[in-house]
1. How big is the charge dipole of the chain about its Cα centre, in debye rounded to the nearest 20, if each Lys and Arg gets +1 on its Cβ and each Asp and Glu gets -1 on its Cβ?
2. Would you mind pulling out the separation of the Cα centroids of region 562-593 and region 306-345, in Å?
3. Tell me the per residue accessible area of the chain using a 1.4 Å probe; a whole number in Å² is fine.
4. Can you work out ³J(HN,Hα) from phi for every residue in region 506-519, in order, using Karplus 6.51 cos²θ - 1.76 cosθ + 1.60 and θ = phi - 60°, giving whole Hz and x for Gly and Pro?
5. Out of all DSSP beta bridges with both ends in region 298-458, state the antiparallel percent to the nearest 5.
6. Can you list the aspartates and glutamates whose alpha carbon is less than 16 Å from that of LYS317, not counting same-chain residues fewer than 8 positions off?
7. Please give me, ordered by residue number, the trypsin sites (Lys or Arg not before Pro) of region 63-143 that lie in loop per DSSP and have at most 12 other Cβ atoms within 10 Å.
8. Summarise the accessible area of the chain (1.4 Å probe, protein heavy atoms) by the percent that is carbon and sulfur.
Amino acid sequence: MTKDKPAAPVCCSNQIVVGSDTSLPEICQIQHAILENAGHAIIATDRDGTILYFNRAAQRLLGYSWHEVVGRASPALFHAPEEVIARARVLSAELHREIKPGFETFVARLDSEGLDENDWTYVRKDGSRFPVRLAITAVNDTQGELLGYLGIASDISLRRQMEQELRITATAFESQAAIMVTDVEQRILRVNPAFTKLTGYSAQEAVGQKPSLLKSGRQDATFYRRMWGALQRSGHWQGEIWNRRKSGEIYPEWLTISAIHDEQDRLTHYVSTFSDISNLKVAESEIHNLAFYDPLTALPNRRLLLNRLDKARQAGKRNAQYGALLMIDLDNFKTLNDTLGHDIGDHMLVEVANRLRRCMREGDTAARQGGDDFVVMLEELGNEAAAAAVQTETMAEKIRHELALPYRLKGATEHFRSASIGISIFCGQDKTTEELVRQADIALYKAKEAGRNAIRFFDNEMQIALDRRATLEAGLRNALLRNEFLLYVQPQVDSACRLVGAEALIRWQPPRQALVAPDAFIPLAEETGLIVPIGLWVLDTACARLRHWADDPRTRDLYLSVNVSACQFRQADFVEQVSAALIRHGVAQGRLKIELTESLLLENVADVVAKMQALRTLGVCFSLDDFGTGYASLSYLKRFPFEQLKVDRSFIRDILTDADDAAIVSAIVAMGNALRLSVVAEGVEEEGQHAFLVEHGCQLFQGYLFGRPVPFPDFEQSLG
Ligand code: C2E
Ligand code: MG
Ligand code: MG
């Protein structure tokens, strides 16, 4: 080996391994090729550190060419000087002798085998630095004489980077957030201390289990399906989820799941990170409460109410449902507040809120606007304006009544406060929110004007209709006691115009008013249940009349039909009541007919049939009224023991001019006859109609042509 600047090696000019029997030129070449093609940087120096050999990998790694390096002193060339100085200092202390910061620093630690391995920082020609693992070996000749040194350096940047990442991961794993690593089969492989703290499960308990260990049951299958769908699509999912701790407590957490893939893009693990967000939830709901609820009464505030009102209007538009807004104001609340103090006033407002809450159905909203202004919103009131108004009025009455009950605020004294209510009805988005609120306000003003403790609708027509209805209902309640009902009777004749029977039809004669037709009060009587006592009166009066008829040869063979409403027929003791009336008046078999309408036949068929049969054994016959206006088909009717069918007046009216009506009536008559039902044509007013009906096989008739409904004495008198 020479210290002179050598030429680039051709063969063994820089022979570094010297052996007696390995000096064959081919071997030299092979050795050279190995050195040149090695993956690591190989640098050979003489015993003083002068570089003798610098392989291709070293040239690549450090950016120097052979000529720039060989013959120069190592380590000055490509070692970080401050590192060499620092190591020399450490070594001096360790070895208790002075180690110079130069080549000596590298070889001072060679062991008995002449080996040392250490991490160093290399500096490239361009000044950039990188870490290397440098193994230094002393090279001796066969006599054991030191010839020089061989350094093999490998770039450890990647390893360093990985080590650093591992350190980061390890630190992260110790973080505040709970971490759970699972394999592809979702078996838990690792959990961190935060996991244990949060869930209560130790690592030992959790590892090997599935994450379902934490399932709260609050999320349904669809939720998990969506979560896994997102994970499969994007490799990532995050969201809120309710889990269960070991203690059984359920808590909300914010969960992030990431799918981990290897270099071949195969799924290997799932890493879930989660943290408890209970506190966040509490804060969130507190903020929500402050923003949307009245702190005193805990009722929704104006903002939430308007919000819901908007939603209700939108929903109402979709399903054509009516809704109502009720503005409620306590009468003279200010006086109470001023005289008894705000404390008592607040007490009262809280109590009002509680009472309102009690009145609400599901879906209704009671809100406090401020002061003593409360608002109630009703939804889903059906799709008829009048019915919606009735329902709203019922609710308003309930509220007014409830709020008028005595208040016990402090001590034993009872306080009384009435309330005024203004109502505005809406259907979908027919009015704007502002308009609606304003209308309800105006209505409230009118209620106050009317002397307080009152309910007013904004819509005048609705108000008039409701007023009329209220008067009617009040009148109807007293009509029975005051004996204001009258029973009229209308004849039924056969095809030869012979009288065969009659229909009893009710009338109401309120004092000093015009006679009221049944269509004007029967529906209200049905709604209020008053039809039951009224129906009993009709039945009793009709039976009394039949008793009277039995003694008269002109009427002895006539039957009398009475109309019975569905709700009356559905009374549990209906059969007993009819039976009692028949017995009371000694009515003969076959004289009393009951007219029922199709609506009764659609529900509770077995019960209806049983009752009809029971009554038939008492000698009562059945007639199906207004046939053709409902849904029942003739074949459906066979299930019920009807004896007679009445074709509705609306078909008879146009029988001569409307081909459809003519066809319908003739078909009904034909099928009725075929089913051995006697068919009565209602509302026959003209000869032509009568002739048509006779021609088509109809055998019984009722209508103005043969006689209008008249009081019984008039009817009997007309028989001559
Ligand atoms: P309905 O049972 O179909 O009675 C026949 C109705 O047609 C009667 O009306 C009768 O006056 C009317 N009418 C009869 N012939 C003619 C005609 O030629 N032309 C016209 N334009 N009308 C004719 P009314 O008495 O006003 O009764 C109306 C409905 O009220 C009855 O219809 C029945 O459903 C109900 N109703 C009457 N009385 C009672 C009752 O005591 N109890 C119950 N539950 N309902 C009753
Ligand atoms: Mg009838
Ligand atoms: Mg009828």
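The values are calculated or read from the model by the stated rules, or taken from the named source; none is laboratory data. What you are looking at is a predicted structure, and each value in this text was computed from that prediction instead of being measured. Neighbour counts are summed over all protein chains in view; Cβ atoms, including those assigned to glycine, are modelled from backbone coordinates with ideal geometry. Side chains are part of the model used for accessible areas, which takes the heavy atoms of the whole protein and leaves out ligands, DNA and RNA. Shrake-Rupley method; radii C 1.70, N 1.55, O 1.52, S 1.80 Å.
1. Details: 80 positive and 96 negative charges, 216 e Å.
About 1040 debye.
2. That distance is 49 Å.
3. On the way: 37370 Å² over 720 residues.
Here the per-residue accessible area is 52 Å².
4. Going residue by residue, I get 7, 9, 10, 10, x, x, 6, 9, 5, 4, 9, 6, x, 4 Hz, with x marking Gly and Pro.
5. Working: 22 of 25 bridges.
Restricted to region 298-458, the bridges split so that about 90 percent are antiparallel.
6. GLU379, GLU380, GLU384, ASP430
7. Working: sites: ARG72, ARG87, ARG89, ARG97, ARG109, ARG124, LYS125, ARG129, ARG133; in loops: ARG72, ARG97, ARG109, ARG124, LYS125.
When the trypsin sites (Lys or Arg not before Pro) of region 63-143 are filtered for loop state and at most 12 Cβ neighbours within 10 Å, ARG97 remain.
8. Numbers: 19520 of 37370 Å².
Percent of accessible area from carbon and sulfur atoms in the chain: 52.
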